[in-house]
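Report on one structure; see the data block that follows.
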Amino acid sequence: MPDPSPALAPRLVAEGAGTFFLVFLGVGTALFASHLADPAGAYASGVVHLAVAAAFGLGYLAAAAAFGRVSGAHLNPAVTLAVAAAGRLRWSDAGRYALVQMIGGLVATTLLVLVGLFGPVGWLEAAQNGGFASAGWGARSAAGFDLPAAVIVELVLAAMLALVFLGDGARRASAVGAALAAIHLVAAPIDGGLVNPATAVAAAVYGGADALAQVWVFAVLPLVGALAAGLARRNAATT
């Protein structure tokens, strides 16, 4: 739970900046490490998988260290919804948190596009044609999983992440960072999702029409799973 003393404006700045950290580091690793996994075998695909999982976990730890005392380091609209449902954040503040998280994510992917403009010839076009590290199912799933699989993992993993965040442990940031890394290890082959609507939308915006057509799953279902976890946590606390 963040320190109640900071005013709303600093908390919103912290959430936007923290989400920028998370998306820039995580999606950036997915884009640039995947580029190195070329047919010549510069990196095996499994190494890229581990690198991206580590980037999201470590990215969360970095953002939490920088901004956690100000805003609580939700960095995810689904987590914010769970916190509000658990009675630990005003609903009016939750909407503002979600808005700045989405903005922070979009700024991050926009800057990654800018980096790509100065990359090797064809790199940015190839990254965008490949979905720009966005989530997806069917033909866009790394292992060919279809929509029902994506629905299940987004709901379940979002609920898990929310429960970890709502836990009372003294080392919550470390636990959330570890959970994010583990979530990626499970979800990446299935749908590439990270149970974070801010990350999903920020990547899909630059991932082309197919990415945008599927982004609703990764924007909506994590909210449902996290909401259920938040309500369950609140009910458990009152019984």
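Using helices alone, what [θ] at 222 nm do you get for the chain, with -39,500 (n - 2.57) per DSSP H run of 4 or more residues, divided over all residues and rounded to the nearest 500? Provide the component values of the computation, followed by the final result.
Numbers: 9 runs with 172 residues, N = 239.
Helix contribution divided over all residues of the chain: -24500 deg cm²/dmol.
Can you tell me which of 58, 22, 223 moves the most in a GNM of the chain? Springs connect C-alpha atoms under 10 Å apart. Maximum fluctuation in the GNM of the chain, among the listed residues, is at 58.
Stretching the chain fully between residue 235 and residue 129 yields a gain of 33.6 nm (0.36 nm per residue, less the alpha carbon separation).
Need one word for the stretch 176-215: rounded, prolate or oblate. Basis is the Cα gyration tensor (sqrt eigenvalues a ≥ b ≥ c); a/c below 1.5 gives rounded, then a/b vs b/c decides. Judged from the Cα gyration tensor, the stretch 176-215 comes out prolate (a/c at least 1.5, a/b above b/c). Solvent-accessible area assigned to carbon and sulfur over the chain amounts to 70 percent, based on a 1.4 Å probe. Ordered from longest to shortest, the equivalent ellipsoid semi-axes for the stretch 74-194 are 29, 20, 13 Å, each the square root of 5 times a Cα gyration tensor eigenvalue.
With protein chains left intact and a 1.4 Å probe, residues in the chain average 45 Å² of accessible area per residue. Model label points for residue 186 and residue 147, set 7 angstrom from Cα along the Cα-to-Cβ axis, are 2.3 nm apart. All C-alpha to C-alpha distances of the stretch 126-239, sorted into 5 Å bins beginning at zero, yield P(r) values of 2, 13, 21, 23, 17, 11, 7, 4, 2, 0, 0 percent in whole numbers. How much net charge surrounds residue 87 when only other residues with a Cβ under 11 Å from its Cβ are counted (Lys, Arg +1; Asp, Glu -1)? Result for the neighbourhood of residue 87: +4. Site pair residue 91 and residue 113 shows an inter-label distance of 3.5 nm when each label is modelled 7 Å from Cα along Cα→Cβ. Relative to the longest principal Cα axis of the chain, at what angle does helix 45-71 sit, 0 to 90 degrees, rounded to 10? It works out to around 30 degrees.
Residue 164 sits among other residues whose Cβ lies under 13 Å from its own Cβ, and their net charge, with Lys and Arg +1 and Asp and Glu -1, is +2. Here the spin labels are modelled as points 7 Å beyond Cα on the Cα-Cβ line, and at residue 13 and residue 50 they lie 4.0 nm apart.
Pairing the Cα long axis of helix 147-165 with the longest principal axis of the chain, what angle in degrees results, from 0 to 90 and rounded to the nearest 10? For 147-165 against the chain, the angle is about 40 degrees.
For the chain, what is the convex hull (Cα atoms) projected area averaged across all directions, in square nanometres?
So the Cα hull casts an average projection of 12.4 nm².
The values are calculated or read from the model by the stated rules, or taken from the named source; none is laboratory data. Only a predicted model underlies this, so the values are computations on that prediction, with no experimental measurement involved. Please note: Cβ atoms are built from the backbone with ideal geometry, for glycine as well, and neighbour counts cover all protein chains shown. Calculation scope for accessible area: heavy atoms of the full protein, side chains included, ligands and nucleic acids excluded. Shrake-Rupley method; radii C 1.70, N 1.55, O 1.52, S 1.80 Å.
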